[in-house]
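These notes concern the structure reproduced below.
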Amino acid sequence: MPADVSRRSFLGTTASTAAASAVATAATTWTAKSYAQIKGANDRIGVGLIGAGVIGNAHMDVFNNLKEKNNLLPVAVADCWKTRADAGQAKVKAEHSLTDYRKLLDMKEIDYVTVAVPEHWHWTMTIDAMDAGKAVYCEKPMTHSIPEAQAVMKKQKETGRPLQIGVQAMSDDSYITARDAIRKGVIGQVIQAQIEYVRRYDAKAGPWREPQDVAKHQSKPADLDWDAWLGSAKKIDWNPHHYFEWRCYSAYSGGICTDLFIHRITRIMRACDLLYPRRVVGMGGIWQWPDGRDLPDNIEMICEYPRGMTVYVLGTMSNRVGIDHLIRGYRATLYFTPTGWVAKDKDGKVLAEHRKTGGEDQNLHHTNLHNHLRNGEPLNCPVELGMAGVVAVNMANESWRTSQMMGWDREKEKMVPADTVKQSHEPEKA
Ligand SMILES: NC(=O)c1ccc[n+]([C@@H]2O[C@H](COP(=O)([O-])OP(=O)(O)OC[C@H]3O[C@@H](n4cnc5c(N)ncnc54)[C@H](O)[C@@H]3O)[C@@H](O)[C@H]2O)c1
């Protein structure tokens, strides 16, 4: 199985259900090579992009950067707003500009598809792409909801198609090396971790408001397929707030938790060998910008994990003062730094340190997928990690929405109110 989700932690947290056992059994028999596509070292890799918006443009930059170095061919760009698809096609000099992403999936020259659309479309496009025999680089969060993540995971197991989730910090080796140090006992028993995502938005336009785009597009652009954008979401008339500011609305996004915290909690999950949390609380509100959004403008979350530790994710969109990113053990504390990490005991004595290679870089994250396709290099952010992140952040949002603590029911593999499922208060054996 992918190297970054240890067999020990994977089995330890899921072995109680038949479905999970089946996955675990399959996992033990895989090697990275056996599920990689066979692509020779010198073969060209064809890529298609769905979604030519903000991050789609960052992916295009990556394609242009890696074209020669990694022998990559951008074949097609699809966007339901034709103007954007055409601009994308020109930017990466692709042969095709499309408005219907399904046409892109029919193209034989495409080996992998990059999905860079709002959250509510991730699962459909990722599943369609795997069904079409493509590998996928899907932006974070892997999906909008937990059942969608389960459907993607199931499809990935059935098809064996390589799936890289776009938490690009997983291509910074700080987290996997921290995991190795923690496994060796460098910081002793792990008890708690803290991490943050802080920003300070303009007082008038709060998080993710785009007043200029909204003012300019009061009428729908003639070449934008609004029904396609809405997809499975409720059909409504053209609404530029929804198109340009979709992160403010729960029909398309999980807001701060799924958009930002996913980047952070995934780091701790990898470093501490975590999958599904046992209990989660999310607290916050629409405190500063009650402007019609239905997701919090400020929120924080605490997750408790079966190994016997909590993870605190501090967040605010109103103040940029953050906190250290660190993991507390009984013997020492592991601090993530701009250059890697350092573990210090209670007296400040350095017990171990690491200078990172790589970084939070989409070029590296795509290159990792290319290497996976060519030589079976383990994916840095595989489906298991993608799914575990979706579970944690959705539990936080649901806790916030319903004013209760959420629990993970391992038998039924779903989130439930925490007091409706029997959960231990002790560490569970891995
Ligand atoms: N990894 C990161 O650091 C990072 C950063 C920003 C965004 N993202 C993720 O990237 C995704 C896109 O975010 P964004 O900011 O680029 O959004 P965006 O709104 O700027 O762009 C999304 C594009 O998708 C297109 N689209 C929507 N539905 C479509 C469909 N059915 N068919 C074809 N095209 C469709 C839209 O027309 C739009 O051009 C989100 O999942 C977001 O979370 C990741």
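Every number here is computed from the coordinates shown, using simple stated rules; none is lab data. Keep in mind that this is a model prediction, so the values were computed, not measured. No Cβ is skipped: glycine too gets one built from the backbone with ideal geometry, and neighbour counts run over all protein chains shown.
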Computed over the Cα atoms, what is the radius of gyration of segment 139-243 divided by 2.2 N^0.38 Å, N being its residue count? 1.62
If R0 = 51 Å, then E428 and R200, at their Cβ-Cβ distance, give a FRET efficiency to the nearest 0.05 of 0.80
Given that compact globular proteins tend to follow 2.2 N^0.38 Å, what is the ratio of the alpha-carbon Rg of segment 169-221 to that value? 2.14
Roughly what would the spin-label model give for E68 and K234, points 7 Å off Cα along C-beta, in nm? 5.3
Around T258, with a cut-off of 10 angstrom between Cβ atoms, what is the net charge of the other residues, counting Lys and Arg +1 and Asp and Glu -1? 0
Suppose we look only past 17 Å in the calculated P(r) of segment 228-318. What percent of the Cα-Cα pairs does that tail hold? 56
In whole Å, what are the extents of segment 339-385 along the principal axes defined by its C-alpha atoms, from largest to smallest? 46, 22, 16
Positive minus negative residues near G358 (Lys, Arg vs Asp, Glu; Cβ under 12 Å): -2
Using the per-residue mean of other Cβ atoms lying within 10 Å as a proxy for protection, in what order, highest first, do the peptides 161-174, 335-348, 44-57 fall? 161-174, 44-57, 335-348
Tell me the trypsin sites (Lys or Arg not before Pro) within segment 214-291 that lie in a loop according to DSSP and have at most 12 other beta-carbon atoms within 10 Å. K234, K235
Can you sort L334, L385 from fewest to most other Cβ atoms within 10 Å of each residue's own Cβ? L385, L334
With a point put 7 Å past each Cα toward its Cβ, work out how far I191 is from R102 in nm, to one decimal. 5.7
Taking max minus min of the Cα coordinates of segment 278-419 on each principal axis, largest first, gives extents in Å of 46, 43, 37
Under 37 °C and 0.692 mPa s, how fast does the chain diffuse according to Stokes-Einstein, given a Kirkwood radius computed over C-alpha pairs? Answer in µm²/s, whole number. 148
So what is log10(I(q)/I(0)) for segment 127-166 at q = 0.14 1/Å, when the Debye sum runs over its Cα atoms only? -0.25
Rough spin-label spacing in nm, given labels placed 7 Å along Cα→Cβ, for T402 and T83: 4.2
Exceeding 24 Å between C-alpha atoms, which entries from my cross-link table qualify? They are K91/K157; K140/K204; K39/K69; K93/K134. K91/K157; K140/K204
What's the longest piece of the chain with no exposed GluC sites (Glu not before Pro), counting a site as exposed if DSSP puts it in a loop and it has at most 16 other beta carbons within 10 Å? 110-359
